[in-house]
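Comments concern the structure below.
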Amino acid sequence: DKWSRLPKEFIEAVGMVQHCVSTDESKFVLTCVHVTPEYVEACDNFQMMRCKSPLDLKQSVMVRGASLKDITGLAMNEVAITKSWLHFRNAAGLVFSCRRYTDEYPDLAVMLKKGSEHAIVIPKGMAKASERAAVFAVDATGESQVQVTLADGKIRIRGEGASGWYKEVTKVAYDGPPMSFFISPVLLKQVSENHSDAAISENKLAISGGQWRYVTCLSSTKRNTEEPEEGTSKKKKAKDNE
(Lines give C-alpha, C1' and ligand atoms only; values in the text may rest on other atoms or scores of the structure.)
Protein backbone atom coordinates (compact mmCIF):
# COMPACT_ATOMS: atom_id res chain seq x y z
CA ASP A 1 0.00 0.00 0.00
CA LYS A 2 2.98 2.32 0.46
CA TRP A 3 5.72 3.10 -2.03
CA SER A 4 8.92 4.92 -1.08
CA ARG A 5 11.46 6.69 -3.25
CA LEU A 6 14.29 4.43 -4.35
CA PRO A 7 17.63 6.28 -4.19
CA LYS A 8 19.66 6.27 -7.38
CA GLU A 9 22.66 5.02 -5.40
CA PHE A 10 20.73 1.84 -4.53
CA ILE A 11 20.67 0.75 -8.17
CA GLU A 12 24.38 1.53 -8.46
CA ALA A 13 25.07 -0.39 -5.25
CA VAL A 14 23.22 -3.48 -6.49
CA GLY A 15 25.15 -3.27 -9.75
CA MET A 16 28.44 -3.43 -7.82
CA VAL A 17 27.74 -5.92 -5.02
CA GLN A 18 26.20 -8.48 -7.39
CA HIS A 19 29.75 -9.40 -8.44
CA CYS A 20 30.39 -10.69 -4.92
CA VAL A 21 27.32 -12.94 -4.72
CA SER A 22 28.10 -16.66 -4.46
CA THR A 23 26.88 -19.14 -7.09
CA ASP A 24 27.31 -22.07 -4.68
CA GLU A 25 23.75 -23.23 -3.99
CA SER A 26 24.94 -25.28 -0.99
CA LYS A 27 25.56 -21.94 0.77
CA PHE A 28 22.14 -20.38 0.25
CA VAL A 29 22.68 -17.29 2.40
CA LEU A 30 25.72 -16.28 0.33
CA THR A 31 23.71 -16.44 -2.91
CA CYS A 32 21.70 -13.51 -1.54
CA VAL A 33 22.24 -9.77 -1.32
CA HIS A 34 21.78 -8.35 2.18
CA VAL A 35 19.63 -5.20 2.02
CA THR A 36 19.56 -3.06 5.17
CA PRO A 37 18.21 0.41 6.00
CA GLU A 38 21.78 1.80 5.74
CA TYR A 39 23.65 -0.28 3.16
CA VAL A 40 23.65 -3.14 0.66
CA GLU A 41 26.24 -5.93 0.86
CA ALA A 42 27.19 -9.31 -0.56
CA CYS A 43 29.87 -11.92 0.13
CA ASP A 44 30.87 -15.20 -1.54
CA ASN A 45 33.22 -16.34 1.26
CA PHE A 46 36.28 -15.08 -0.65
CA GLN A 47 35.37 -11.45 -1.31
CA MET A 48 32.78 -9.00 -0.06
CA MET A 49 31.47 -5.54 -0.85
CA ARG A 50 29.35 -3.11 1.15
CA CYS A 51 27.78 0.02 -0.38
CA LYS A 52 26.04 2.72 1.62
CA SER A 53 22.50 3.34 0.38
CA PRO A 54 19.82 4.61 2.80
CA LEU A 55 16.55 2.78 2.18
CA ASP A 56 13.14 3.19 3.80
CA LEU A 57 13.11 -0.21 5.52
CA LYS A 58 12.33 -1.04 9.14
CA GLN A 59 14.34 -4.24 9.05
CA SER A 60 17.03 -5.94 6.99
CA VAL A 61 16.06 -8.46 4.32
CA MET A 62 17.83 -10.90 2.03
CA VAL A 63 17.08 -11.22 -1.68
CA ARG A 64 18.52 -13.70 -4.13
CA GLY A 65 21.32 -11.96 -6.03
CA ALA A 66 20.28 -13.59 -9.30
CA SER A 67 16.87 -11.92 -8.97
CA LEU A 68 17.90 -8.53 -7.65
CA LYS A 69 20.49 -7.85 -10.37
CA ASP A 70 17.70 -7.65 -12.98
CA ILE A 71 16.43 -4.33 -11.57
CA THR A 72 19.60 -2.51 -12.64
CA GLY A 73 18.38 -2.05 -16.21
CA LEU A 74 14.72 -1.27 -15.50
CA ALA A 75 14.98 2.35 -14.26
CA MET A 76 13.27 1.54 -10.96
CA ASN A 77 12.55 4.59 -8.78
CA GLU A 78 10.22 3.29 -6.05
CA VAL A 79 10.36 0.46 -3.52
CA ALA A 80 7.84 -1.26 -1.24
CA ILE A 81 8.05 -4.21 1.13
CA THR A 82 5.40 -6.77 2.08
CA LYS A 83 5.50 -9.90 4.22
CA SER A 84 7.23 -12.11 1.66
CA TRP A 85 8.32 -9.79 -1.13
CA LEU A 86 10.45 -6.77 -1.95
CA HIS A 87 8.81 -4.76 -4.76
CA PHE A 88 10.27 -2.23 -7.19
CA ARG A 89 8.37 0.07 -9.57
CA ASN A 90 9.43 2.44 -12.35
CA ALA A 91 7.81 5.52 -13.87
CA ALA A 92 6.04 3.41 -16.51
CA GLY A 93 4.25 1.42 -13.78
CA LEU A 94 6.27 -1.77 -14.26
CA VAL A 95 6.49 -3.69 -10.98
CA PHE A 96 9.29 -6.18 -10.36
CA SER A 97 8.98 -8.28 -7.18
CA CYS A 98 11.70 -10.36 -5.52
CA ARG A 99 11.09 -12.99 -2.86
CA ARG A 100 12.59 -11.86 0.46
CA TYR A 101 14.12 -14.14 3.08
CA THR A 102 14.58 -13.68 6.81
CA ASP A 103 17.58 -15.96 7.41
CA GLU A 104 20.40 -14.47 9.46
CA TYR A 105 23.10 -12.97 7.25
CA PRO A 106 26.75 -13.32 8.36
CA ASP A 107 28.29 -10.35 10.17
CA LEU A 108 30.92 -8.97 7.77
CA ALA A 109 32.30 -6.41 10.21
CA VAL A 110 35.41 -8.52 10.85
CA MET A 111 36.35 -8.35 7.15
CA LEU A 112 35.91 -4.58 7.10
CA LYS A 113 38.07 -4.01 10.15
CA LYS A 114 41.29 -2.17 9.33
CA GLY A 115 44.63 -3.44 10.59
CA SER A 116 48.26 -2.96 9.63
CA GLU A 117 48.03 -2.07 5.94
CA HIS A 118 50.45 -1.33 3.11
CA ALA A 119 49.15 1.23 0.59
CA ILE A 120 49.39 0.54 -3.15
CA VAL A 121 48.15 2.33 -6.26
CA ILE A 122 46.16 0.32 -8.82
CA PRO A 123 47.30 1.25 -12.36
CA LYS A 124 44.64 2.96 -14.49
CA GLY A 125 45.52 0.61 -17.34
CA MET A 126 43.99 -2.28 -15.40
CA ALA A 127 40.55 -1.25 -16.68
CA LYS A 128 41.43 -2.09 -20.29
CA ALA A 129 43.44 -5.13 -19.25
CA SER A 130 40.46 -6.52 -17.33
CA GLU A 131 38.25 -6.16 -20.42
CA ARG A 132 40.73 -8.09 -22.55
CA ALA A 133 41.19 -10.82 -19.94
CA ALA A 134 37.41 -11.13 -19.46
CA VAL A 135 37.05 -12.49 -23.01
CA PHE A 136 38.58 -15.78 -21.83
CA ALA A 137 37.44 -15.76 -18.21
CA VAL A 138 33.81 -16.94 -18.51
CA ASP A 139 33.09 -20.19 -16.67
CA ALA A 140 30.31 -22.77 -17.05
CA THR A 141 27.85 -20.66 -15.04
CA GLY A 142 28.33 -17.63 -17.29
CA GLU A 143 30.19 -15.76 -14.54
CA SER A 144 33.73 -14.51 -15.05
CA GLN A 145 36.69 -14.13 -12.72
CA VAL A 146 40.21 -12.95 -13.48
CA GLN A 147 43.28 -13.67 -11.41
CA VAL A 148 45.34 -10.72 -10.20
CA THR A 149 48.87 -11.37 -8.90
CA LEU A 150 51.14 -8.88 -7.12
CA ALA A 151 54.86 -9.69 -7.13
CA ASP A 152 58.26 -8.15 -7.91
CA GLY A 153 56.84 -4.63 -8.31
CA LYS A 154 54.39 -5.80 -10.96
CA ILE A 155 50.68 -6.55 -11.12
CA ARG A 156 49.63 -9.38 -13.41
CA ILE A 157 46.08 -9.94 -14.62
CA ARG A 158 45.11 -13.26 -16.15
CA GLY A 159 41.87 -14.59 -17.60
CA GLU A 160 41.42 -18.23 -18.54
CA GLY A 161 38.58 -20.27 -19.98
CA ALA A 162 37.78 -23.10 -22.35
CA SER A 163 38.84 -21.07 -25.39
CA GLY A 164 42.24 -19.95 -24.12
CA TRP A 165 43.95 -17.56 -21.73
CA TYR A 166 45.20 -13.96 -21.64
CA LYS A 167 47.83 -12.28 -19.46
CA GLU A 168 48.92 -8.66 -19.05
CA VAL A 169 51.66 -7.24 -16.80
CA THR A 170 51.92 -3.66 -15.47
CA LYS A 171 54.37 -2.04 -13.04
CA VAL A 172 53.00 -1.09 -9.64
CA ALA A 173 54.37 0.47 -6.43
CA TYR A 174 54.34 -2.75 -4.37
CA ASP A 175 57.30 -4.34 -2.59
CA GLY A 176 55.52 -6.82 -0.33
CA PRO A 177 55.36 -10.61 -0.57
CA PRO A 178 53.80 -12.19 -3.70
CA MET A 179 49.99 -12.28 -3.38
CA SER A 180 47.13 -13.39 -5.61
CA PHE A 181 43.34 -13.00 -5.68
CA PHE A 182 40.36 -13.43 -8.01
CA ILE A 183 37.87 -10.69 -8.92
CA SER A 184 35.12 -10.00 -11.44
CA PRO A 185 36.64 -8.17 -14.44
CA VAL A 186 33.65 -5.80 -14.47
CA LEU A 187 34.27 -4.89 -10.84
CA LEU A 188 38.02 -4.57 -11.42
CA LYS A 189 37.31 -2.19 -14.31
CA GLN A 190 35.03 -0.01 -12.15
CA VAL A 191 37.54 0.05 -9.31
CA SER A 192 40.61 0.83 -11.41
CA GLU A 193 38.86 3.57 -13.40
CA ASN A 194 37.55 5.48 -10.42
CA HIS A 195 39.53 4.49 -7.32
CA SER A 196 43.22 3.74 -7.70
CA ASP A 197 44.11 3.70 -3.98
CA ALA A 198 44.10 0.36 -2.19
CA ALA A 199 45.61 -1.18 0.94
CA ILE A 200 47.05 -4.64 1.52
CA SER A 201 47.28 -6.31 4.92
CA GLU A 202 48.62 -9.76 5.77
CA ASN A 203 45.72 -11.65 4.22
CA LYS A 204 43.42 -9.22 2.40
CA LEU A 205 43.20 -6.41 -0.12
CA ALA A 206 40.83 -3.53 0.66
CA ILE A 207 39.66 -0.78 -1.68
CA SER A 208 37.47 2.10 -0.50
CA GLY A 209 35.47 4.34 -2.78
CA GLY A 210 33.78 6.83 -0.49
CA GLN A 211 30.36 5.19 -0.22
CA TRP A 212 31.59 1.63 -0.62
CA ARG A 213 34.32 -0.74 0.54
CA TYR A 214 35.54 -3.86 -1.23
CA VAL A 215 37.61 -6.57 0.48
CA THR A 216 39.05 -9.75 -0.98
CA CYS A 217 41.10 -12.53 0.59
CA LEU A 218 44.68 -12.90 -0.58
CA SER A 219 46.63 -16.10 -1.08
CA SER A 220 50.38 -16.47 -1.24
CA THR A 221 51.79 -17.41 -4.62
CA LYS A 222 55.18 -18.61 -5.84
CA ARG A 223 57.12 -16.25 -8.05
CA ASN A 224 57.08 -16.79 -11.81
CA THR A 225 54.69 -19.75 -11.70
CA GLU A 226 51.40 -18.04 -12.57
CA GLU A 227 50.95 -19.48 -16.06
CA PRO A 228 52.62 -21.52 -18.82
CA GLU A 229 54.59 -19.69 -21.48
CA GLU A 230 52.89 -19.02 -24.81
CA GLY A 231 52.76 -22.14 -26.91
CA THR A 232 53.01 -24.40 -23.84
CA SER A 233 49.98 -26.55 -23.18
CA LYS A 234 48.46 -27.03 -19.73
CA LYS A 235 49.00 -30.78 -20.12
CA LYS A 236 52.74 -30.30 -20.64
CA LYS A 237 52.95 -27.89 -17.71
CA ALA A 238 51.21 -30.37 -15.42
CA LYS A 239 53.61 -33.10 -16.50
CA ASP A 240 56.63 -30.87 -15.88
CA ASN A 241 55.39 -30.13 -12.37
CA GLU A 242 54.90 -33.76 -11.36
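The values are calculated or read from the model by the stated rules, or taken from the named source; none is laboratory data. Quick caveat: nothing in here was measured; it's all calculated off a predicted structure. We place every Cβ from the backbone using ideal geometry, glycine too, and count neighbours over all the protein chains shown. For accessibility, only protein heavy atoms count, side chains too; no ligands or nucleic acids. Shrake-Rupley method; radii C 1.70, N 1.55, O 1.52, S 1.80 Å.
A search for C-beta distances below 6 Å between a residue of the stretch 192-213 that is among the acidic types (Asp, Glu) and any residue that is modelled with pLDDT under 80, counting only pairs 6+ apart in sequence or on different chains, returns 193/127. Contact map, the stretch 129-146: first residue more than 11 Å from residue 186 (Cα to Cα), second residue modelled with pLDDT under 75 and assigned to a loop (DSSP other than H, G, I, E, B), Cβ cut-off under 8 Å, separation 6 or more or different chains; pairs are 136/163. The set of residues in the stretch 44-55 that are open to solvent by 10 Å² or more (accessible area, probe 1.4 Å) and either small (Gly, Ala, Ser) or touching a helix residue (DSSP H, G or I) at 6+ places or on another chain (Cβ under 8 Å) (or both) comprises 44, 45, 50, 52, 55. Can you confirm whether residue 80 is closer than 19 Å to residue 190 by Cα and surrounded by 16 or more Cβ atoms within 10 Å (Cβ to Cβ)? Criteria not met by residue 80. In the stretch 1-37, which residue that is touching a Leu at 6+ places or on another chain (Cβ under 6 Å) and assigned to a loop (DSSP other than H, G, I, E, B) is most open to solvent (accessible area, probe 1.4 Å)? Checking each candidate, the answer is 37.
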